[in-house]
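A short write-up of the structure that comes next.
The values are calculated or read from the model by the stated rules, or taken from the named source; none is laboratory data. Please read these numbers as outputs of a predicted model, since none were measured by experiment. All Cβ positions, even for glycine, are placed from backbone atoms using ideal geometry, and neighbour counts span all protein chains on display. The protein model used for the area step is the full one, side chains on, heavy atoms only, and it has no ligands, DNA or RNA in it. Shrake-Rupley method; radii C 1.70, N 1.55, O 1.52, S 1.80 Å.
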Amino acid sequence: MKPKIWIKSAAFDLSWFIAPMAIPPLIVFFLPEHFTHQQKTEIFPWSWILIVLSIDVAHVYTTVYKTYFKPSAYKVHKLKLLAVPFLVWVVGVFVYSVSNKLFWSLLAYFAVFHFIRQQYGFFRLYSKKETVHKWRKRVLSITIYAVTIIPILIWHVRGQQNFNWMTAGDFWYINLPKAEPFLNGLMLIILALYLLVEWKEKQDSGYLNTPRILLTLATCFSYYVSIVLTNNDFIFSLVNVVGHGIPYLALVHYSEKKELNEDSPTLLKIVLSKWGWILFYVIVFAFAYFEETLWDVFIWRENTIPFGWLYSTFKQLNDDQIISLFIPLLIMPQVVHYILDGYIWRKKDYQILQQ
């Protein structure tokens, strides 16, 4: 009998997990050229608000629904949930005091690792109920890593582009353009082998794992378009952020709704009710807005539309010692999200999602 291979349903998964990866890189080919060209090296303020603030930063805070806002999880992992933010800040202060460039570089690579692991996590969810031959399993796992890592390696051998992961110069570039054809060829070989394995799996099992194939191809398409085929800050931000943030928001909401019971706290019962998703998002957006207010008012002074009204009230920080304490504090929620994300999607959560 064919097992359940969609996380919730075909309609839900396609809308919230696959489409955010596949549609943005398609859209960019139909946008007016002058619109994308004007955002080649820096996105418009409203683009920043809709993409970075509303999705990228906001999705980070959905972790609180599975940890700090969830008494059962908080009780079990209280020490970890209290210690991790403090340790992240302490280590951040140390690294930043050594070198702010090293700080941003380490943060960028940690973020890349987090993005790649999220795609692998979805890949594993779509493979959880299958019995796959050992060598086929390796090919499948290698593929989801390859379609994310190879475009980033191509970025590295090309050198500085019009977009950055965090800040300008955060990656350690190799500047070896002659390696690009080899990397492209390697990805084609891996994709061909992957499709062959999927076909063999269909012959053995009698069905095609459609969501896994769509996820893999959508991931490949989004990374390749945003990093390799284009060199544009807006395109990179749109494709990268939407494809990562929207699926995460949806997965957290769905997984917590599956676990909801009569002992769940009132807040979770409200935000996970029929129309509660609005409050679910408003709360994380409020956290995101507060964080970015601190960033822009005290550090960057770049986004006048959402934060400019506070410039006359608060002074920008100029003391290097205070900045070396403040920036690691502001980056702490993001790093804590990366770390906790490695714990909250354990086997138990996979089992709940697959029930």
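Remarks
- Relative packing of 75-81, 187-193, 65-71, which averages over residues the other C-beta atoms within 10 Å, highest first: 65-71, 187-193, 75-81
- Entry for the range 1-150 at q = 0.10, 0.14, 0.15, 0.20 Å⁻¹: log10 I(q)/I(0) = -0.60, -1.14, -1.26, -1.41, Debye formula applied to identical alpha-carbon scatterers, no solvent contribution.
- Short to long, the 10 Å bins of the Cα pair-distance histogram for the range 106-209 hold 14, 37, 29, 16, 4 percent of all pairs.
- Computed Rg/Rh of the range 25-105, alpha carbon atoms with Kirkwood Rh: 1.16
- Here the dipole of the chain is about 1600 debye; that uses its Cα centre as origin and unit charges on the Cβ of Lys and Arg (positive) and Asp and Glu (negative).
- With 0.36 nm allotted per residue and the present C-alpha distance subtracted, the residue 11-residue 76 stretch has 19.9 nm of extension available.
- Accessible area per residue was computed with a 1.4 Å probe on protein heavy atoms; residue 199 scores about 130 Å².
- With θ taken as phi - 60° and the Karplus curve 6.51 cos²θ - 1.76 cosθ + 1.60 applied, the whole-hertz 3J(HN,Hα) list for the range 98-115 is 6, 6, 5, 5, 4, 4, 6, 5, 4, 5, 4, 6, 5, 5, 4, 4, 4, 4 Hz, x standing for glycine and proline.
- At q = 0.08, 0.10 Å⁻¹, base-10 log of I(q)/I(0) for the chain (Debye sum, equal scatterers on each alpha carbon): -0.43, -0.68
- For the range 91-149, the calculated P(r), taken from all Cα-Cα distances in 5 Å bins from zero up to the bin holding the longest distance, is 4, 17, 19, 15, 12, 9, 9, 7, 5, 2 percent.
- Per residue, in Å², the accessible surface of the range 240-298 once ligands and nucleic acids are set aside, probe 1.4 Å: 45 Å²
- Projected onto its three principal axes, the C-alpha set of the range 161-227 covers 49, 25, 16 Å, listed from the longest axis down.
- Neighbourhood charge, 15 Å Cβ-Cβ cut-off, centred on residue 291 and excluding it, Lys, Arg +1 and Asp, Glu -1: -4
- Taking the Cα centre of the range 254-313 as origin and assigning +1 to Lys and Arg Cβ atoms and -1 to Asp and Glu Cβ atoms, the resulting dipole is close to 200 debye.
- Rg then Dmax, both in Å and based on the Cα atoms of the range 1-46: 16.7, 53.
- The range 180-299: relative contact order as a whole-number percent, Cα under 8 Å and 6+ apart: 10 percent
- When each of the peptides 231-240, 325-334 is scored by the mean number of other C-beta atoms lying within 10 Å of its residues, the order from highest to lowest reads 231-240, 325-334.
- The chain: relative contact order as a whole-number percent, Cα under 8 Å and 6+ apart: 34 percent
- Among the lysines of the range 218-355, pairs at least eight places apart or on separate chains and with Cα atoms under 18 Å apart come to 8.
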